[in-house]
Amino acid sequence: MTEQLPIIIILGPLMAAVLAAFAGWFRPKLSHPLVLLGLAASFAAALKLVFIVADGGTQKYWLGGWGDKVIPGQKDPFVVGIQITVDHLNTLLLAAVSGIALLTAIYAKRLVDTELAGRQRYFDALFALLVTGLLGISITGDIFNLYVFMEIAALSSYALIAYGKSRAYMASFNYLIMGTMGACLYLLGIGFIFIKGGTLNIDDLSGIIPTLQADGPSQALFVGFILIILGAWAKMAFFPFHGWLPNAYTYAPTASASVLAPLATKVAVYAMLRIMLTVYSIDYIVGLNGIQPIALYLSTAAIVMGSFLSLTQTNLKMIACYFVISEIGYMVGGAWLANKPGLTGAMYHLVADAAMTSALFMAIGCIVYRLGQAQLESLRGVFFKMPVTMTAFVVTMAALIGVPPTCGFFSKWYLIQGAAQAGVWHFVVALLLSSLVKAIILFRIVEIGYNRVPHPAIQGNPAIERKEAPLSMLIPTLVMALGLIVLGLYTDTLVGTNTIIGKAVSAALTP
Amino acid sequence: MPSLPIWEFDVLLLVLVVLFALISLSIRNLMGAAIVFGAYSFMMCLIWAGMGAVDVAFTEAAVGAGVSTVFIVSTIYNTSATMQNKPGGLTFKLFIGLVVTLTGAFLLSALPDFPEWGDSESPANAVVAPYYIKNTITDAHVPNVVTSVLADYRGFDTLLETTVVFIACIAIYSILRTETAKSKTDEPEEEIAVLPSYDPSDSLIVRQASRFMIPFMQLFALYVIAHGHYSPGGGFQGGVILGASLILLAISFDLKFLLGHWSEKSLMLLVASGVFLYAAVGLACVFMGGNYLDYVVLDPILPGKGDMARSHGILLVEIGVGITVMFSMVAIHINLASNGRFDRGL
Amino acid sequence: MENLIANFNYVIVVILMMIGLWAMLAQKNLIKKCIGMAIFQTGIILFFISIGAKNEAKVPILSKFVAENPPAIIVNDYANPLTQILMLTAIVVGVAILGVGLALAQKIYQQYSTFDEDEILENQRK
């Protein structure tokens, strides 16, 4: 049965979504448990696969049994169907995405019931379909299949954002235009690769692309590469394309934002990594004159701009959105450093940042649930009112700043090491600056929430009553925050030479 | 001057599509833009048919020139077709124009690297693609190679594509429908007054003509689904035509008339059931001991001789696709045309 | 120049895509943006179909004769089926996105009584 595990990761949420869509008309109460069940199956399969991959290496699964076939006129066999692959590069991400989605689904129940009362018939189904799309992008071994999964994730996120009503509609529309542009550029890039390579399978392409360029670089492959990278950048809200993200995630309902913000952008970063490292190769990227420095400057710009704009915001959700934008700069920069510590940092940060952003949005969601809004001014006395939530919040902020022993410290450590090794000092400065800005914001929130107690005349009662968010929200938040420390403590088992990330990096670096 | 490598008629069509695209974007009336866009799609499908892509042309004729245009028109019907004439913004438009021109030049820079147009030995045509043409009969007994690749070799893509249609349907339902569901009674009257006074159900000719056409459309659509193994067509095309026949019913008679036959609940349940059928066929393969969507293992529970299992599996999933696409198109149209009120509309 | 004529198809493809891209980014009207998006997508579809076209090839449906004698199949008699499948998917994805875009545009119109992006932004600032 273990050979069927890769498909279970996708089928769990997909079947759950379809069944939840049925249940929405008969037993609306059933749709949430169904989605939980599907996500749990997916998470269990992903977790099991982490161990299988760690021991036995890459796992391939051929849909419909259409694997390697001998083709008339070709020497080597090619995969004629669609392949899904679990290897060192994506197995941790799969576990992280399905795990965080499961926790968020538990967490979001209360929020959905209050924020979207009377309109949630399809919310659970759309939630599960979003996760299907994200897991699909992470697992697929076929570049066109990746495009279809991209659109599944995108379409469900437009709807999840539009649940926010009023300003969310325009935010969602802008996201739709930008997201479709990104997906179209990606699809066009596939065309440029396909016209030279003739196959869509990622493994086959990685073998074929070097032979195509044996006698000189190919312009079509270069254009294809740039188009795919641009498409992925638009999808992940990287610096020049970041405009859609803050509004979309701020005006979306908190329940939607808490699953979209941590996962959607990270998965797009993974798609970029997969194209860069597996379809093309590190040698190819290093050989591109002039592109690597541009990407690194853009990463620095993303970090600096995200950090400064987060300082000017007065809404906690908006601040978190700009954090997301600056964190994307970390990962893109780390990937384009194209050396061992840089790639290690980027791959580790992919998982770490998913966990950090998730914890951050969960904590903010708890605050919004009780206070009704997330303006900084409304946070007066929140440390007394919600001490447990705020502890989780402070731990998360510490991880984002990079305080040891949280996971944020280690990923930043590797990224700085990589930048120093490559001599890219502006990236080092940007990383440190970003930590500084996050520290300033944390102190501002502590100052407002701890020192500025609500005015008795406004609040009516000077003694602040303790009122935490309900347990179904508080426990996932705490689990996530605790996870940040645990992830930090177990860094060595993930990034050492003979570990999963270590093997993924060395596979990327050795041609 | 070297002779053009393509059919001369295609040159004319190619120039025309560019013209139509420009006209559609520059027309100041949105209704006109929608109609020109429909014509653009139709030209496009002629070009594709000329290149041997009949299935794609068929789908584009049904989806691009047909249903998409109806969607745009029903949106305009609920809103407004006029565009404000506002000066300014020229520098912005020029800037975008510059960016786009540079992008275009960048794309064209790869042209010398392309294989010749129509070269049957180009990698795209010679690496994986020959396998499908060579083996479709021995593997699946399906002469229409497009159908066998669609539903078998790359059947997973098609499952996801059906899911995309399903998502679009429930997304549009969630965006438009839910909000107005409970406020049926306290509907503001002036909003109704805004709607155009033209009542499409007035026309006797349209009514009689569609009464005559709809049964034939539906019969043809069923043929397209069932005969997709041997001729152009399949679940998508047939599903869209079936959906279009119901949309025609709604336009020529009344939305109420259609809703009298198909309730909201049954429509939305049927949309999900098509995806469910497709996914369940795949799951059955897993339980019978094969990989997901490996129809061969279904042989013991399907009729016919052993090597027909793939062919039957393809038919089953095509039916699933047809159901989802048909009812999605109808549900999306009703939502867009009635602005989510499910009572009256285009 | 000769290169441009030899690849006339691809030149038109690029022109179409750029028209669509320009409309998506520069047009202020939301419906026009949606139409631009659809034009961009059809441009891409034309690109893929052009990749898969073969001189002197028929539609990829096997005739009765070769269907009964599989060894007699000559691959170059038939257009490339693979690109066609990919584009069938792309068309359907395109109409799905168009529908969602139009639904959002309707909601936006209900709120602001306009499709003009600038006016909507002005309204939001109030």
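The values are calculated or read from the model by the stated rules, or taken from the named source; none is laboratory data. Quick caveat: nothing in here was measured; it's all calculated off a predicted structure. For neighbour counting, all protein chains shown are included, and Cβ atoms are generated from backbone atoms with ideal geometry for every residue, glycine included. Heavy atoms of the whole protein, side chains included, go into the accessibility calculation; ligands, DNA and RNA do not. Shrake-Rupley method; radii C 1.70, N 1.55, O 1.52, S 1.80 Å.
Each row is one residue, and each column tells you yes or no for (1) among the β-branched types (Val, Ile, Thr); (2) in contact with a Leu (Cβ under 6 Å, 6 or more places away or on another chain); (3) surrounded by 19 or more Cβ atoms within 10 Å (Cβ to Cβ); (4) closer than 16 Å to B:Glu60 by Cβ.
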{"position": "C:Val14", "(1), (2), (3), (4)": "yes, yes, yes, no"}
{"position": "C:Met17", "(1), (2), (3), (4)": "no, no, yes, no"}
{"position": "C:Met24", "(1), (2), (3), (4)": "no, no, yes, no"}
{"position": "C:Ile35", "(1), (2), (3), (4)": "yes, no, yes, yes"}
{"position": "C:Ile51", "(1), (2), (3), (4)": "yes, no, yes, no"}
{"position": "C:Lys58", "(1), (2), (3), (4)": "no, no, no, no"}
{"position": "C:Leu62", "(1), (2), (3), (4)": "no, no, yes, no"}
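Of everything in segment B:68-87 that is in contact (Cβ under 8 Å) with a residue 24 or more places away in the chain and open to solvent by 50 Å² or more (accessible area, probe 1.4 Å), the residue that is farthest from C:Ile49 (Cα to Cα) is B:Asn85. Of the set (1) touching a Phe, Trp or Tyr at 6+ places or on another chain (Cβ under 6 Å); (2) at pLDDT below 90; (3) closer than 18 Å to A:Ile367 by Cα; (4) not acidic (Asp, Glu), all apply to A:Arg466 but (1).
Rundown of residues vs (1) open to solvent by 10 Å² or more (accessible area, probe 1.4 Å); (2) over 14 Å from the mean Cα position of the chain (by Cα), yes/no style:
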{"residue": "C:Gln27", "(1), (2)": "yes, yes"}
{"residue": "C:Gln41", "(1), (2)": "yes, no"}
{"residue": "C:Asn76", "(1), (2)": "yes, yes"}
{"residue": "C:Ala90", "(1), (2)": "no, no"}
{"residue": "C:Val93", "(1), (2)": "no, no"}
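The residue pairs whose first member lies in segment A:119-138 and is touching a residue at least 24 places away in the same chain (Cβ under 8 Å), whose second member is surrounded by 24 or more Cβ atoms within 10 Å (Cβ to Cβ) and of a type in the set (S, T, N, Q), and whose beta carbons are closer than 6 Å, counting only pairs six or more residues apart or on different chains, are A:Tyr122/B:Ser174; A:Asp124/A:Ser31; A:Leu126/A:Ser156; A:Leu129/A:Ser156; A:Leu130/A:Ser156; A:Leu130/A:Ser157; A:Ser138/A:Asn90.
The number of residues in segment A:9-42 that are within 30 Å of A:Leu89 (Cα to Cα), open to solvent by 50 Å² or more (accessible area, probe 1.4 Å) and within 13 Å of chain B (Cβ to nearest Cβ) comes to 0.
Whether a residue is within 14 Å of chain B (Cβ to nearest Cβ), in contact (Cβ under 8 Å) with a residue 24 or more places away in the chain and either out of contact with any Phe, Trp or Tyr (no Cβ under 7 Å at 6 or more places or on another chain) or within 23 Å of C:Gly94 (Cα to Cα) (or both) was assessed, and A:Gly231 passes this test. Of the candidates B:Gly50, B:Gly32, the single residue that is within 30 Å of B:His229 (Cα to Cα) and more than 7 Å from chain C (Cβ to nearest Cβ) is B:Gly50. Restricted to segment C:73-100, and to residues there that are over 12 Å from B:Gly52 (Cα atoms) and more than 7 Å from every other protein chain (Cβ to nearest Cβ), the residue that is modelled with the highest pLDDT is C:Gly94. Of note, B:Leu90 does not satisfy the criterion of being without any contact (Cβ under 8 Å) to a residue 12 or more places away in the chain, in contact with a Gly (Cβ under 9 Å, 6 or more places away or on another chain) and either surrounded by fewer than 20 Cβ atoms within 10 Å (Cβ to Cβ) or at the interface with another protein chain (Cβ under 7 Å from one of its Cβ atoms) (or both). The residue list B:Leu107, B:Leu102, B:Leu159 contains one member that is at the interface with chain A (Cβ under 9 Å from one of its Cβ atoms), in a helix (DSSP H, G or I) and either touching a residue at least 60 places away in the same chain (Cβ under 8 Å) or open to solvent by 30 Å² or more (accessible area, probe 1.4 Å) (or both), which is B:Leu159. Close Cβ contacts (under 8 Å, 6 or more residues apart or on different chains) running from residues in segment B:118-146 that are within 19 Å of B:Asp294 (Cβ to Cβ) and within 7 Å of chain A (Cβ to nearest Cβ) to residues that are of a type outside the set (A, V, I, L, M, F, W, C) and open to solvent by 20 Å² or more (accessible area, probe 1.4 Å) comprise B:Tyr131/A:Lys69; B:Tyr131/A:Pro72. State which residue is nearest to C:Val93 (Cα to Cα) when the search covers only segment B:20-40 and only residues that are buried (at least 23 other Cβ atoms within 10 Å of the Cβ) and not hydrophobic (A, V, I, L, M, F, W, C). Looking at residues that are buried (at least 23 other Cβ atoms within 10 Å of the Cβ) and not hydrophobic (A, V, I, L, M, F, W, C), I get B:Tyr40.
Apart from one condition, B:Ala171 fits all of (1) assigned to a helix (DSSP H, G or I); (2) touching a residue at least 24 places away in the same chain (Cβ under 8 Å); the exception is (2).
Across segment A:62-74, the number of residues qualifying as open to solvent by 50 Å² or more (accessible area, probe 1.4 Å) and of a type outside the set (A, V, I, L, M) comes to 6.
Residues of segment B:258-308 that are closer than 18 Å to B:Gly320 by Cβ, open to solvent by 10 Å² or more (accessible area, probe 1.4 Å), small (Gly, Ala, Ser) and within 11 Å of another protein chain (Cβ to nearest Cβ): B:Ser266, B:Ser273, B:Ala280. For segment B:331-345, the criterion of being open to solvent by 10 Å² or more (accessible area, probe 1.4 Å), farther than 18 Å from A:Ala17 by Cβ and assigned to a helix (DSSP H, G or I) is met by none of the residues. Scanning segment A:372-396 for residues that are among the aliphatic types (A, V, I, L, M) and closer than 18 Å to A:Pro476 by Cβ yields A:Met386, A:Val388, A:Met390, A:Ala392, A:Val394, A:Val395. For segment A:131-144, state whether one or more residues are aliphatic (A, V, I, L, M) and within 11 Å of chain B (Cβ to nearest Cβ). Checking segment A:131-144: not a single residue is aliphatic (A, V, I, L, M) and within 11 Å of chain B (Cβ to nearest Cβ).
Summed over segment A:207-254, the residues that are touching an Asp or Glu at 6+ places or on another chain (Cβ under 7 Å) and open to solvent by less than 40 Å² (accessible area, probe 1.4 Å) give a count of 4.
Residue by residue, here is whether (1) open to solvent by 10 Å² or more (accessible area, probe 1.4 Å); (2) of a type outside the set (D, E, K, R) holds:
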| site | (1), (2) |
| --- | --- |
| A:Leu94 | no, yes |
| A:Thr104 | no, yes |
| A:Phe123 | no, yes |
| A:Gly133 | no, yes |
| A:Ile139 | no, yes |
| A:Asp142 | no, no |
| A:Leu155 | no, yes |
| A:Arg167 | yes, no |
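Could you say whether any residue in segment A:43-61 is open to solvent by 10 Å² or more (accessible area, probe 1.4 Å), modelled with pLDDT under 95 and within 14 Å of chain B (Cβ to nearest Cβ)? Within segment A:43-61, one or more residues are open to solvent by 10 Å² or more (accessible area, probe 1.4 Å), modelled with pLDDT under 95 and within 14 Å of chain B (Cβ to nearest Cβ). Whether a residue is open to solvent by 70 Å² or more (accessible area, probe 1.4 Å), among the basic types (Lys, Arg) and modelled with pLDDT of 90 or more was assessed, and A:Arg444 passes this test. Do we find that B:Pro115 is open to solvent by less than 30 Å² (accessible area, probe 1.4 Å), free of Cβ contacts under 8 Å to residues at least 40 places away in the same chain, within 13 Å of chain A (Cβ to nearest Cβ) and closer than 30 Å to A:Val223 by Cβ in this structure? Considered against the rule, which asks whether it is open to solvent by less than 30 Å² (accessible area, probe 1.4 Å), free of Cβ contacts under 8 Å to residues at least 40 places away in the same chain, within 13 Å of chain A (Cβ to nearest Cβ) and closer than 30 Å to A:Val223 by Cβ, B:Pro115 comes out as yes. Name the residue that is least open to solvent (accessible area, probe 1.4 Å), counting only residues in segment A:405-441 that are hydroxyl-bearing (Ser, Thr, Tyr) and more than 20 Å from A:Leu482 (Cα to Cα). Checked segment A:405-441; the qualifying residue least open to solvent (accessible area, probe 1.4 Å) is A:Ser434.
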